[in-house]
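A short write-up of the structure that comes next.
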Amino acid sequence: MNTKKLRKIFFSTLYLSSFTFGGGYVIVTLLKKKFVDELHWIDEKEMLDLVAIAQSSPGAIAVNGSIVVGYKICGIPGIICAVLGAIIPPFIILSLISACYTAFKNNSVIKALLLGMRSGVSAVIISVVYDMTKNVMKEKDISKIIILIASFIANYYFNVNAIFIILIVIVYGLIKAFIKARKEREVLK
């Protein structure tokens, strides 16, 4: 077992989780930057697959993203290190905030701070969407481009719940994988 890698996973997710505001999609972007762009432990296409798994699994996407990244890099010990790193900061911060909730609730400085943070969070989420869209477009797989556009239209214009979109795409992916496996078996005969 590579303790140096496990330590790096733990401290990377701890750091990212400590300074990430805006929810799971923001930390997923930062996980990509850390483990794909900086450390090169995961390739870009595989990271997209891991994000898809994290999004389609129940639970918080920040934790799910940490689970799949930790598992990919170091198996079960990687999961433990990544999840601990991801959950310790919010646990401590939320515990402190809940203890002081009444003082924060009506504080105009805190309200202004949170309002300003929304803009930064929006920018990071737009960056994630742009990067993921750019990667899908690079593949030039027409079915993925159609899914991308149809999902956006269904959610944005027709208010279709993202869960239903994910379930439909999962069914599509299963059918596509089944057809591909069937064709491969026929070729082998």
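Details
- Residues that are part of a helix (DSSP H, G or I), open to solvent by 50 Å² or more (accessible area, probe 1.4 Å) and without any contact (Cβ under 8 Å) to a residue 24 or more places away in the chain within the stretch 31-51 comprise K33, D37, E38, D49, listed in sequence order.
- Residues being among the small types (G, A, S) and under 16 Å from S127 (Cα atoms) - total across the stretch 1-41: 3
- Close contacts from the stretch 157-177, counting a first residue that is within 16 Å of Q55 (Cβ to Cβ) and part of a helix (DSSP H, G or I) and a second that is open to solvent by less than 80 Å² (accessible area, probe 1.4 Å) and at pLDDT 90 or above, with Cβ to Cβ under 8 Å and a gap of 6+ residues or different chains, come to A162/N155; I165/S151; I165/A154; I165/N155; V169/I147; V169/S151; Y172/I147.
- Just one of the listed residues (G116, G78) is modelled with pLDDT of 85 or more and open to solvent by less than 50 Å² (accessible area, probe 1.4 Å), and it is G78.
- Single condition G24 does not satisfy, out of (1) farther than 30 Å from F164 by Cα; (2) of a type in the set (G, A, S); (3) modelled with pLDDT under 85; (4) open to solvent by less than 40 Å² (accessible area, probe 1.4 Å): (1)
Listed here are the residues, each with its yes/no results for (1) farther than 23 Å from I165 by Cα; (2) in contact (Cβ under 8 Å) with a residue 40 or more places away in the chain; (3) part of a helix (DSSP H, G or I).
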position: I53; (1), (2), (3): no, no, yes
position: G70; (1), (2), (3): yes, yes, yes
position: I80; (1), (2), (3): yes, no, yes
position: A86; (1), (2), (3): yes, yes, yes
position: L94; (1), (2), (3): yes, no, yes
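- Some residue of the stretch 126-144 being of a type in the set (S, T, Y), closer than 17 Å to M47 by Cβ and in contact (Cβ under 8 Å) with a residue 24 or more places away in the chain: yes
The values are calculated or read from the model by the stated rules, or taken from the named source; none is laboratory data. This structure is a prediction, so every number in the text was calculated from the model and none was measured. Every residue, glycine among them, receives a Cβ derived from its backbone with ideal geometry; neighbour counts consider all protein chains shown. What goes into the accessible areas is simple: the full protein's heavy atoms, side chains included, and nothing from ligands, DNA or RNA. Shrake-Rupley method; radii C 1.70, N 1.55, O 1.52, S 1.80 Å.
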